[in-house]
Amino acid sequence: MRKLLALALAAAMALSLAACGGSADSGDTTPADTGASDAADAAQDTGDAVPDAPAGGGTIGVCIYKFDDAFMTTYRNALQEILEGKGYSVTVQDGNNDQSKQNEQINTYITQGVDALIINPVMTSAADQIIATVKEAGIPTVLINREPTAEQMSAYDKLVYVGCDAAQSGTFQGELILDTPNKGDINGDGKVSYIMIQGDPENIDAQLRTEYSVKALTDAGVEVEELDSQRGDWDREKGQTICANDLAQYGDQIEVVFCNNDDMAIGALQSIQAAGRTVNEDIYLVGVDALDAALTEVANGNMTGTVLNDAVGQATAAVEEMEKLLGGATYASGSQSVYVDYVKVTPDNVADFQ
Ligand code: GAL
């Protein structure tokens, strides 16, 4: 709870919401109608500009792609706390990483007559079907964490996506390596040799973090060598196994371990330590999310850095957008994504997030 409040405070300070796509017309009831800065204004000003939402008292159905995901656990707890704190009646369902199961959960919520839905899709590729279902039922819906395309969302004007710009988190990971004394080139051979432990490759977060972390290095003129790139599905144990195998195969050649998220980085750290390697001395390690365990390791010097994936900021924004929808707001095509900023976390500022 203390952490949640602290993060909420940090989120309030660091929060910068920007509408994705500049097409700028969200209809007359939506305040987020003139591009990024107006969206930011709107996010801070949900009071008078927004039509009255039923103050608490509504019934909200939340679908999470799977409960057994470290980051989404923080996120769903924040969502539940914020919604209940506002007086909503909330049910949260575990999709168990099974899209057909989640489809049934959505249908059940619709039959029960919920006032709004907040959905973390299991498969981004299922977005068309989810959107068609909620549209037919006329339920205001906020999608979170797995971003559909603007075109897919344009099918329904009572639908908005809240998330982050995954490219930014990748860029920040690359910058964490560029900020090291040798810019990642520990052995001084003129190139940074890395392994990439990816999330679920169907997920845009995994795709963009993989691409942009390396791009930050090459854009800075740093030569890179990819020793291995494998999917770890956001999972700690898979991160540990992939890293252990790579350390056995490539040994000292590995200078940087990029992980698409912290849970896999924590797993990788176990393998790094088991192999007798020392982070920030003979190997670098970066993740994304700023999980509690990762913050501890950054503070201890066992991770080079991480990137705050602001669960509380996103949960706050998701509830704000949901309330706008409940108040009658509609969203025009091209302005249906709301982004919360990522924040780089290093030993210098880690205390601000703990
Ligand atoms: C990402 C997060 C991962 C995982 C994933 C699930 O944003 O960094 O840890 O939770 O979402 O879609």
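The values are calculated or read from the model by the stated rules, or taken from the named source; none is laboratory data. Computed from a predicted model, the values in this text were never measured in an experiment. Neighbour counts are summed over all protein chains in view; Cβ atoms, including those assigned to glycine, are modelled from backbone coordinates with ideal geometry.
State all residues of region 203-236 that are free of Cβ contacts under 8 Å to residues at least 40 places away in the same chain and within 14 Å of the ligand (Cβ to nearest atom); if no residue qualifies, say none.
Once the filter is applied, which keeps residues that are free of Cβ contacts under 8 Å to residues at least 40 places away in the same chain and within 14 Å of the ligand (Cβ to nearest atom), region 203-236 yields ARG231, GLY232, ASP233, ASP235.
Looking at MET264, MET303, can you tell me which residue is under 22 Å from the mean Cα position of the chain (by Cα), part of a loop (DSSP other than H, G, I, E, B) and not assigned by TED's automatic domain parsing to the domain that holds GLY87?
MET303 is the lone residue from the list that is under 22 Å from the mean Cα position of the chain (by Cα), part of a loop (DSSP other than H, G, I, E, B) and not assigned by TED's automatic domain parsing to the domain that holds GLY87.
Yes or no: ALA293 surrounded by fewer than 20 Cβ atoms within 10 Å (Cβ to Cβ), more than 15 Å from the chain's Cα centre (by Cα) and in contact (Cβ under 8 Å) with a residue 24 or more places away in the chain?
In short, yes.
Please list, ordered by first then second residue, the pairs with beta carbon atoms under 9 Å, 6 or more apart or interchain, first in region 66-83 and modelled with pLDDT of 95 or more and in a helix (DSSP H, G or I), second of a type in the set (Asp, Glu) and near the ligand (Cβ under 9 Å from one of its atoms).
As it stands, the answer is ALA70/ASP262; ALA70/ASP263; ALA70/ASP289; PHE71/ASP262; PHE71/ASP263; PHE71/ASP289; THR74/ASP289; TYR75/ASP69, since those pairs meet every condition given.
From the list GLU297, GLU320, pick out the single residue that is in contact with a helix residue (DSSP H, G or I) (Cβ under 8 Å, 6 or more places away or on another chain), more than 13 Å from the ligand (Cβ to nearest atom) and assigned by TED's automatic domain parsing to the domain that holds ALA116.
That would be GLU320, the only listed residue that is in contact with a helix residue (DSSP H, G or I) (Cβ under 8 Å, 6 or more places away or on another chain), more than 13 Å from the ligand (Cβ to nearest atom) and assigned by TED's automatic domain parsing to the domain that holds ALA116.
Which one of GLU147, GLU84 is charged (D, E, K, R) and buried (at least 17 other Cβ atoms within 10 Å of the Cβ)?
Only one candidate qualifies: GLU147.
Under 6 Å by Cβ, and 6 or more places apart or on different chains, what pairs join a residue from region 137-162 that is more than 13 Å from ALA127 (Cβ to Cβ) and modelled with pLDDT of 95 or more with one that is small (Gly, Ala, Ser) and more than 16 Å from the ligand (Cβ to nearest atom)?
As it stands, the answer is PRO140/ALA116, since those pairs meet every condition given.
Output the qualifying pairs, or none if there are none: Cβ atoms under 8 angstrom, residues six or more apart or on different chains, first residue in region 279-290 and assigned by TED's automatic domain parsing to the domain that holds MET196 and acidic (Asp, Glu), second residue more than 16 Å from the ligand (Cβ to nearest atom) and modelled with pLDDT of 95 or more.
ASP282/ILE186; ASP282/ASP252
Check VAL298, VAL214 and return the single one that is within 15 Å of ALA166 (Cβ to Cβ) and more than 16 Å from the chain's Cα centre (by Cα).
VAL214
Between a residue in region 257-278 that is touching a residue at least 12 places away in the same chain (Cβ under 8 Å) and farther than 15 Å from ARG231 by Cβ and any residue that is within 13 Å of the ligand (Cβ to nearest atom) and assigned to a helix (DSSP H, G or I), which pairs come within a Cβ distance under 6 Å, given they are 6 or more apart or on different chains?
ASP262/ALA294; ILE266/ARG236; ILE266/ALA293
Checking the condition buried (at least 20 other Cβ atoms within 10 Å of the Cβ) and over 20 Å from the mean Cα position of the chain (by Cα), which residue from TYR250, TYR331, TYR339 passes?
Going through TYR250, TYR331, TYR339 in turn, just one is buried (at least 20 other Cβ atoms within 10 Å of the Cβ) and over 20 Å from the mean Cα position of the chain (by Cα): TYR331.
If we scan region 52-72, do we find a residue that is acidic (Asp, Glu) and closer than 21 Å to TYR331 by Cβ?
Looking through region 52-72, at least one residue is acidic (Asp, Glu) and closer than 21 Å to TYR331 by Cβ.
Is there any pair with a first residue in region 164-191 that is within 16 Å of the ligand (Cβ to nearest atom) and part of a loop (DSSP other than H, G, I, E, B) and a second that is at pLDDT 95 or above and aromatic (Phe, Trp, Tyr) whose Cβ atoms are under 8 Å apart and which are 6 or more apart or on different chains, and what are they?
Here the result reads CYS164/TYR339; CYS164/TYR342; ASP165/TYR339; ASP165/TYR342, each pair linking region 164-191 to a residue that is at pLDDT 95 or above and aromatic (Phe, Trp, Tyr).
Suppose we keep only residues that are surrounded by fewer than 24 Cβ atoms within 10 Å (Cβ to Cβ) and of a type in the set (A, V, I, L, M, F, W, C) within region 344-354. Which one would you say is nearest to LEU176 (Cα to Cα)?
Among those that are surrounded by fewer than 24 Cβ atoms within 10 Å (Cβ to Cβ) and of a type in the set (A, V, I, L, M, F, W, C), it is VAL350.
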